[in-house]
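**Student:** Before we start, here is the structure in question, set down as structure tokens.
The values are calculated or read from the model by the stated rules, or taken from the named source; none is laboratory data. Only a predicted model underlies this, so the values are computations on that prediction, with no experimental measurement involved. Here Cβ is always computed from backbone atoms with ideal geometry, including for glycine, and neighbour counts include all displayed protein chains. The protein model used for the area step is the full one, side chains on, heavy atoms only, and it has no ligands, DNA or RNA in it. Shrake-Rupley method; radii C 1.70, N 1.55, O 1.52, S 1.80 Å.
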Amino acid sequence: MARICHTIFPVLRTVPSCALVTLLLGGCTAESQPTPQPSPSPACTAGTVQFGETTKDYLLTGVSAVTEITAAEGGPLESPQELRSYEIEVVAQGPVPSEYVYDKLSQHLGTEWQLPEYGRVYHLSAEDKTTVDGPGRFITFDALETIAVPFTYDCGGATTAGTVKSWRVPTGGVIECGVPRSPDDAMYEVLEEVARMRC
């Protein structure tokens, strides 16, 4: 425990024998300590999980430099370099068994979705070269189809709300600078981000 010590400097007193007696007195007072905070409550396990509507989106995870092709027959393009990674998350207002909730979501969505295992972090993997069959200024990119699913977790008489974030499908493609992109494309925002960064 931290202590604050106060020292009383020596005081000279005269006594009948004319001797000088030095008195050195010291005192310590305990420093006040903050009130201990209670530890977080452990998550109640094996509760009931209810899921809401799944929201899908696309996240740009990699982009290449511009490759300028002048040959009429086209040629190979630069491969995308990782821009950002993506991590599975179970975010809740209180303690929940995150892996248990995630496993329940995998069961809820079924085998068609094939969610990655809990704890995995997505990173751009090396891919074969992409080629084009004509001239132009091209950019390759990598993207991820992400999902966010709200949930409620009931256990021990308490209900906790939260959201599971994961991904479904890695994807990617090529854009050509100067070629308009359709707002109806599901990946329109990603394509526009690529164009703003490189074109």
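**Student:** For Y86, only one of the following conditions fails: (1) over 30 Å from R198 (Cα atoms); (2) among the hydroxyl-bearing types (S, T, Y); (3) surrounded by 15 or more Cβ atoms within 10 Å (Cβ to Cβ). What is its number?
**Tutor:** (1)
**Student:** For the structure I just gave you, tell me whether T160 is open to solvent by less than 30 Å² (accessible area, probe 1.4 Å) and under 24 Å from the mean Cα position of the chain (by Cα).
**Tutor:** Yes.
**Student:** Based on this model, can you work out whether Q33 counts as under 30 Å from T163 (Cα atoms) and either open to solvent by 90 Å² or more (accessible area, probe 1.4 Å) or modelled with pLDDT under 95 (or both)?
**Tutor:** Here the answer is no, as Q33 does not meet what is asked.
**Student:** Does V66 fit the bill of being more than 22 Å from K165 (Cβ to Cβ), in contact with a helix residue (DSSP H, G or I) (Cβ under 7 Å, 6 or more places away or on another chain) and at pLDDT 95 or above?
**Tutor:** Here the answer is yes, as V66 does meet what is asked.
**Student:** Under 8 Å between Cβ atoms, at least 6 apart or on separate chains: pull out the pairs that start in the range 147-175 with a residue that is free of Cβ contacts under 8 Å to residues at least 24 places away in the same chain and end on any residue that is in a strand (DSSP E or B).
**Tutor:** Qualifying pairs under 8 Å: T159/T152; T159/Y153.
**Student:** Could you identify the single residue in Y118, Y188, Y100 that is open to solvent by 40 Å² or more (accessible area, probe 1.4 Å), out of contact with any strand residue (DSSP E or B) (no Cβ under 6 Å at 6 or more places or on another chain) and without any contact (Cβ under 8 Å) to a residue 12 or more places away in the chain?
**Tutor:** Within the list Y118, Y188, Y100, the selection yields Y188.
**Student:** Can you find, within the range 135-146, the residue that is farthest from A65 (Cα to Cα) among those that are surrounded by fewer than 18 Cβ atoms within 10 Å (Cβ to Cβ) and not small (G, A, S)?
**Tutor:** E145
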